[in-house]
Amino acid sequence: MGRKEEHIVGLDVGSMKVSTLIAAARESGLQPLGLGVAESKGIKKGSVVNLEAVAESIKRSVGEAEAMAGCEIETVYVGLAGPHIKSFNSRGVTSILTRMREINRDDVRRAIETARAIALSPDREIIHILPQEFTVDDQSGIGDPLGMVGTRLEVNVHIVTSSTTAAQNIVTAVNRSGLLVGDTVLESIAAGEAILTDDEKELGCVLVDIGGGKTNIAIYHHGAVRHTVVVPLGGELFTSDIAVGLRTSIPEAERIKSEHGCALSSMLETDKVFEVAGMGSRHHRTIAQTVLSDIIQPRAEEIVHLVRNEIRNGGYERQAGAGVVLTGGGSMLRGFVELAENILDLPVRIGTSTGFQESLLEKVPQLMGPEFATVTGLVLHGDRRRKTRDFHENSHSGFKKFVEIFRSFL
Ligand SMILES: Nc1ncnc2c1ncn2[C@@H]1O[C@H](COP(=O)(O)OP(=O)(O)OP(=O)(O)O)[C@@H](O)[C@H]1O
Ligand SMILES: [Mg+2]
């Protein structure tokens, strides 16, 4: 008898929407079964401000996904992000005692343990330790040191930490909605799993997830995460600027942004106009698209300048050869790609999920939108965790792939 089909569930509690994706782990690959999207309440810029409201939004989103998938779920992989996230690089070292011998899993684990031995204030916790590369004696730049011979093993890692209370609040909200948390994953790392190619990660690229309340940035090079940061700027700001600038309601500003907004005024035909509903009993007005663009462009530039600063301050200019990959709902603003290309002088593309074969997407074609990159990545992360676990259960012969090793440390 085959095993019962396993379901892997991603839960992205965003500032604007809570998305739940249920996928079945089948031999042919991951099959998306159900997607639920509910308006997000009780979250501000990645932090819980009203626990009950968040739990309610999660319930609605999960309920919708369950109804579509025709199953009930128990455990979710949940995304974490917010300005409370702080990341840095660290280094660990261990000696291969007694005599020169082959490096084994315990050596790798010990090296990583020493890298995590950093002074952390009591209100913070580590959510990821992501190995970048190993050095065996004098040979650096090693991806997988297992089986190599040496006396000293060093490892460079990227460590992501979170405020303990902020992480706990999300977990509590999930629990209150009747679910268990399988793992918490930094949103940008989840999105990276869904949209970046191996070549991009190897050559070096910058992932920029522009959401409603925040922008998540992750820089990759030589296949590993080098830098991550979360900034409290997102699409909501464009909307509120438009509402103030055009004296209209937030829902109307949101509509105008999606239908007529453009981040680069030079892309517009000068005589194009659109209608704006007035507040209360005021009449509709006709506004030129260039006026709208004058409101939007400075905000878009602010976000791109921020990305440029993160690249420059960390000295990553030469390590972003594959360019910038924009994702998240905010990246759908017309002209954003062109604006970012102009300012950053790097190739820029919009990243959408590549984790599922297109033929499997019949049930949930919306998953191809950039606003679902994070939830897709959470499912892919969960699937990797499952495979690593199966690998542990089924094999005593050691690990073959480096990625499988470090997943077990996360
Ligand atoms: N076509 C569009 N043009 C411009 N902006 C858009 C478009 N579609 C969606 N957006 C914006 O994308 C934002 C929502 O993005 P997304 O769904 O990725 O956010 P989220 O994941 O809920 O929030 P966060 O990641 O900040 O917690 C909103 O500000 C929305 O206005
Ligand atoms: Mg998001």
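The values are calculated or read from the model by the stated rules, or taken from the named source; none is laboratory data. Quick caveat, the model's predicted, so the values are computed rather than measured. Neighbour counts are summed over all protein chains in view; Cβ atoms, including those assigned to glycine, are modelled from backbone coordinates with ideal geometry. Ligands, DNA and RNA are excluded from the accessible area calculation, which covers all protein heavy atoms including side chains. Shrake-Rupley method; radii C 1.70, N 1.55, O 1.52, S 1.80 Å.
Observations
- Here the Karplus relation 6.51 cos²θ - 1.76 cosθ + 1.60, evaluated at θ = phi - 60°, turns the backbone of the range 176-181 into coupling constants of 5, 8, x, 10, 9, 9 Hz, with x for every Gly and Pro.
- Cα gyration tensor shape of the chain, rounded if a/c is under 1.5, else prolate or oblate by comparing a/b with b/c: prolate
- For the chain, the longest principal axis of the C-alpha atoms and the axis of helix 373-394 are separated by about 20°.
- When the chain is treated as a Gaussian network with alpha carbon springs shorter than 10 Å, the biggest mean-square fluctuation among G29, G63, G323 belongs to G29.
- Rounded to the nearest 20 debye, the dipole magnitude of the range 196-305 is 420 debye, with +1 charges on Lys and Arg beta carbons, -1 on Asp and Glu beta carbons, and the Cα centre as origin.
- Across T172, T20, T165, the residue with the most accessible area heads the list, and the full order at a 1.4 Å probe is T165, T172, T20.
- Most positive-pole-ward Cα, I142, S90, S162, against dipole of the range 86-162 from beta carbon charges: S162
- Rounded, prolate or oblate (a/c below 1.5 giving rounded, otherwise prolate when a/b exceeds b/c) for the range 63-102 by Cα gyration tensor: oblate
- Amide hydrogen neighbours beyond the local backbone of E6, cut-off 5 Å, H modeled: A25
- Fluctuation leader among H221, H284, H84 - the chain, Gaussian network, Cα springs under 10 angstrom: H284
- Max mean-square fluctuation residue, GNM over the chain, Cα-Cα springs under 10 Å, options P122, P131, P251: P122
- Charge context of A340, other residues only, Cβ under 11 angstrom, K/R +1, D/E -1: -2
- Report summary: the helix-based calculation at 222 nm, which adds -39500 (n - 2.57) for every DSSP H run with n ≥ 4 and divides by the residues of the chain, gives -11000 deg cm²/dmol.
- Taking all Cα pairs closer than 8 Å and separated by 6 or more residues, the relative contact order of the range 235-300 comes to 36 percent.
- Net charge in the neighbourhood of H221 (other residues with Cβ under 14 Å of its Cβ; Lys, Arg +1, Asp, Glu -1) is -4.
- Built amide H within the under 5 Å cut-off of Q132, gap 5+: N156, V157, H158
- Under-5 Å amide H pairs with K44, H placed in peptide plane, nonlocal only: V49
- Global form of the range 235-300, assessed from the alpha-carbon gyration tensor, a/c cut-off 1.5: oblate
- Taking the chain and dividing mean pair separation by its residue count, relative contact order in percent (alpha carbons under 8 Å, at least six apart): 18
- Using only side-chain charges placed at the Cβ, +1 for Lys and Arg and -1 for Asp and Glu, the dipole size of the range 1-159 relative to its Cα centre rounds to 340 debye.
- Surface composition of the chain: carbon and sulfur make up 50 percent of the accessible area, probe 1.4 Å.
- Unsatisfied cross-links (Cα-Cα over 24 Å) in the set K17/K59; K44/K363; K17/K214: K44/K363
- Projecting the Cα atoms of G10, H283, L130 onto the charge dipole of the chain (Cβ charges, centred on the Cα centre) puts L130 farthest toward the positive pole.
- Environment charge of G70, counting only residues whose C-beta is closer than 14 Å and scoring Lys/Arg +1, Asp/Glu -1: -3
- Average accessible surface area per residue within the chain, 1.4 Å rolling probe, Å²: 45
- Charge dipole of the range 210-359 about the Cα centre (unit charges at C-beta), most positive-ward option of A218, V304, T248: A218
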